[in-house]
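A short write-up of the structure that comes next.
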Amino acid sequence: MSQEVLAARCQLDRTYIGGIERGERNVSLINVERITHALNVSIAYFF
């Protein structure tokens, strides 16, 4: 899945997703929930 597709599914900016991947961003719990929901995985699986 591309950053663009994930960002659209999460309703987040693509550059924010890229920043998370590079370890440049701290992620709030609400955004973790959005990302895990978009990826169809549990929060526990994500970590």
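Rule-based calculations on the coordinates, nothing more; no lab input. Small disclaimer: the values here were computed from a predicted structure and weren't measured. Every residue, glycine among them, receives a Cβ derived from its backbone with ideal geometry; neighbour counts consider all protein chains shown.
Principal axis analysis of the Cα atoms in the chain yields extents of 24, 20, 16 Å, listed in decreasing size.
Rounding to the nearest 20 debye, state how big the charge dipole of the chain is about its Cα centre with +1 on each Lys and Arg Cβ and -1 on each Asp and Glu Cβ. Display every interim value, and only then the final one.
On the way: 5 positive and 5 negative charges, 5 e Å.
Here the size comes out at about 20 debye.
Annotation for residue 25 and residue 8: the two label points, set 7 Å from Cα along the Cα-Cβ direction, are 1.7 nm apart.
Maximal additional length on extending the residue 16-residue 1 stretch stands at 3.9 nm, based on 0.36 nm per residue less the C-alpha distance. Of the GluC sites (Glu not before Pro) found in the chain, those in coil by DSSP whose Cβ has at most 13 other Cβ atoms within 10 Å are 24.
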